[in-house]
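Notes follow the structure.
Just so you know, all these numbers are worked out from the coordinates, no wet-lab data involved. Predicted model, so just to flag it, every value in this text is computed and none were measured. Because the Cβ atoms are built from the backbone with ideal geometry, glycine has one as well, and the counts that use them run over all protein chains shown.
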Amino acid sequence: NAGVMQNPRHLVRRRGQEARLRCSPMKGHSHVYWYRQLPEEGLKFMVYLQKENIIDESGMPKERFSAEFPKEGPSILRIQQVVRGDSAAYFCASSPGDSLNQPQHFGDGTRLSIL
Amino acid sequence: GNSVTQMEGPVTLSEEAFLTINCTYTATGYPSLFWYVQYPGEGLQLLLKATKADDKGSNKGFEATYRKETTSFHLEKGSVQVSDSAVYFCALKAAGNKLTFGGGTRVLVKP
């Protein structure tokens, strides 16, 4: 399966800890997107990255959240000092380019639970 | 800004019934439109897409037509199966390359 790979699938953290979510895009895809899904809600855009560049971070909370997509390795979404409200499913998607008619392909998500 | 509105669920149907999920949008420019499906515990899978007015996307018996005059992209299937039980998301992509999603519609098909 050469789809978008996310890990871990489930992550449990205590308040104040750090959470690191990883995403490997589909082969040949250089554009990565992170979305957050709160319980019983739709997905909300967080950040759009290309290799070594943040293209659009307009959906990221101003504090505690950061994202990177290094030249080598997966994209990382990092949440510092987690709080209960960070509990959600975090989905990564990828696409080969930025054409308007190209769909984004999603991973199975990381379900983050904050104790 | 861009927005997508879809009918709230849950929608409960019997097997072989006709399914319609309404979706309307507001967007600057000329967006591409998508339907995604999410099965329990999984990520979103692309169901179909349409990129210009009057385009019809279709896949697995599902269809949706891009209606620019009514800014709509309603999803239809003529005869649903139990395996179609899932959450369906309508989404648009305009300039900026990010997807804007509706709130999702849960569909439950009973045998």
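So the values come out like this:
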quantity: Förster radius 35 Å - calculated FRET efficiency between residue B:5 and residue A:115 (Cβ-Cβ, nearest 0.05); calculated: 0.50
quantity: Cα-projected label distance for residue B:69 with residue A:17, points at 7 Å along beta-carbon direction, nm; calculated: 5.8
quantity: Virtual spin-label span in nm between residue B:42 and residue B:22, 7 Å along Cα→Cβ; calculated: 2.9
quantity: Burial order of peptide ranges A:62-73, A:94-105, B:25-36 (average beta-carbon count within 10 Å, highest first); calculated: B:25-36, A:94-105, A:62-73
quantity: Shielding of B:38-44 by partner chains, average beta-carbon count, 10 Å; calculated: 6
quantity: Exceeding the 28 Å Cα-Cα cut-off - candidates A:27/A:62; B:56/B:93; A:62/B:93; calculated: A:27/A:62
